[in-house]
Amino acid sequence: MGSRAGVASYSARMRRSAHRVRIALRKSGVDYFRGEGSDWVAFAGLLLTIPAITLGTLADPVWCAPAALVLPIVAGGLLLRPASLLALYAAAAGALIVESVVLGPYTQGPARVTPGTVLVVAACGLFGLLIAQFRARVGVPWRRGGTMLFDLRERIRAQSALPRLPQGWHREMALRPAGGQSFSGDFVVAARTNGGRTLEVLLTDVSGKGMDAGSRALLLSGAFGGLLGSLPPHGFLPAANGYLLRQDWDEGFATSIHLVLDLESGDYELLSAGHLPALQLHAGTGRWEEKSGEGPLLGVYDGAEFHPVKGSLRPGDVLMLFTDGLVEAADRDIAEGIDRLTGEADRYVASGFEGAAWHLIEACAKDVNDDRALLLISRRT
């Protein structure tokens, strides 16, 4: 009985030890993936490649040139922390000295350590150190950095998705960042409230453009998405204005237009915070009408008031919301841009504006170096 108990106790201790090792390895891997763990494994692996490359160079410098030392240096810039990277650089410098001594002066033949080789290795080391310092400051490993940017871009797109509308309504949106980038200072948040009867849409243009405004647009889209539908329609823009003021950004203003649409009656209210007017196409007359509420920019001063304008969408009517990048350019004023937009939009009346949003941006502001967003809501006849 005693021997069995001893074996069981030994097996239990081994299982506990194995469990602790697995937990430690898993935690080390997760921490390194997040940029919080030790980089000794990567450092040891790269450090071992330096003597291997050195031996290869001494054996056959034609096929394994001295400049091959840039390979572990470049990899170290992507994987190691600055302190470990400096140690790797010291080993690479020592390897270059050994190669130059054994192979002899570069003036005595080819495939030797030349001043150009030293400059190439040093330049790669400098760039690698800059990359490592940036990663250390951000706290994100290189493998995860691209994934995070992709996730952020997809999150903005998901937040900008328009909800499904009941039969008899059509909606579509097109968003085009400046310079073909993935991030935009224009964004849309939308929700159906009041038991699904009301559609609330907010189109916002953050100051700046492209990547410069993308981070602020991501923060604001999340905050505005949480506020939308949680507050009465007339309380949304004052709350958004207060939120923006609390951020205390150097370039922290934004324009917004807030649509509150009754999907049963077609009646709507528009509240504007320094944004361009919306455009409504009246099916009965075939004319476009500008619709705009009154209100200052978001994030300028506290206690701002926003006064709505009311309207109604009848069967065949279209409401168009857009940002200034679509109608404003250096060689024309906004009025001319709006005229061009409405002229192009008239071509899609017969087709019911199916796929019109993307084509309107292509026609009116294809090569404009600014963020462009266009939202169309139409009521079927």
Nearest-20 debye value, region 293-381 charge dipole, Cβ charges on Lys, Arg, Asp, Glu: 600 debye
Say each of ASP367 and ARG13 gets a label point 7 Å from the Cα, pointing the same way as Cα to Cβ; how far apart are those two points in nm? 7.9 nm
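If you take the Cα Rg of region 184-298 and divide it by 2.2 N^0.38 Å, with N the number of residues, what do you get?
Working: Rg = 14.7 Å, N = 115, 2.2 N^0.38 = 13.4 Å.
Normalised Rg, Cα atoms only: 1.10.
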Can you grab the distance from the C-alpha centre of region 308-381 to the C-alpha centre of region 83-107, Å, no decimals? 63 Å
Given GLY325, THR285, HIS307, which one lies farthest toward the positive end of the charge dipole of region 256-348, if we put +1 on the Cβ of every Lys and Arg and -1 on the Cβ of every Asp and Glu? THR285
Cα shape, region 306-363, gyration tensor, a/c 1.5 rule: oblate
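Probe radius 1.4 Å, ligands and nucleic acids left out: which of ASP371, ASP339 has the largest accessible area, and how do the rest follow?
Details: ASP371 0, ASP339 105 Å².
Putting ASP371, ASP339 in descending order of accessible area: ASP339, ASP371.
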Residue-span extension gain [ALA350 to ALA44] - 0.36 nm each, minus C-alpha spacing: 103.3 nm
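Of the listed peptides 55-64, 231-240, what is their order by residue-averaged count of other C-beta atoms within 10 Å, with the highest listed first?
Most protected by this proxy first, the peptides run 231-240, 55-64.
Computing the accessible area with a 1.4 Å probe over protein heavy atoms, can you report the carbon and sulfur percentage for region 332-381? Don't jump to the answer; show the numbers that get you there.
Numbers: 1140 of 2410 Å².
After summing per-atom areas, the C and S share lands at 47 percent.
Taking R0 as 56 Å, what FRET efficiency do you get between GLU264 and ALA330 from their Cβ-Cβ distance, rounded to the nearest 0.05?
Working: r = 44 Å, r/R0 = 0.79.
The pair GLU264/ALA330 has a calculated efficiency of 0.80.
Calculate, in nm to one decimal, what ALA136 and GLU305 gain on full extension: separation in residues at 0.36 nm each, minus their alpha carbon distance. Can you show the working numbers first?
Numbers: separation 169, 0.36 × 169 = 60.84 nm, distance 4.45 nm.
That works out to 56.4 nm of additional length.
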Chymotrypsin sites (Phe, Trp or Tyr not before Pro) lying in DSSP loop within region 278-381, provided at most 11 other Cβ fall within 10 Å: TYR301
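Suppose R0 equals 35 Å; then what is the FRET efficiency for ALA111 and VAL74 from their Cβ-Cβ distance, rounded to the nearest 0.05? Write down the numbers at each step before the final one.
Numbers: r = 21 Å, r/R0 = 0.61.
Calculated transfer efficiency: 0.95.
Compute for region 270-355: radius of gyration divided by Kirkwood radius, i.e. Rg/Rh, restricted to C-alpha atoms, rounded to two decimals.
On the way: Rg = 14.5 Å, Rh = 14.3 Å.
Across region 270-355, the Cα-based Rg/Rh ratio is 1.02.
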Per residue solvent-accessible surface (Å²) - region 326-381, probe of 1.4 Å: 50 Å²
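The values are calculated or read from the model by the stated rules, or taken from the named source; none is laboratory data. These figures come from a predicted structure and were not determined experimentally. A quick note on method: Cβ atoms are made from the backbone with ideal geometry, for glycine too, and the neighbour counts reach across all protein chains shown. Each accessible area value is taken on the protein alone, full model and side chains, heavy atoms only, with ligands, DNA and RNA left out. Shrake-Rupley method; radii C 1.70, N 1.55, O 1.52, S 1.80 Å.
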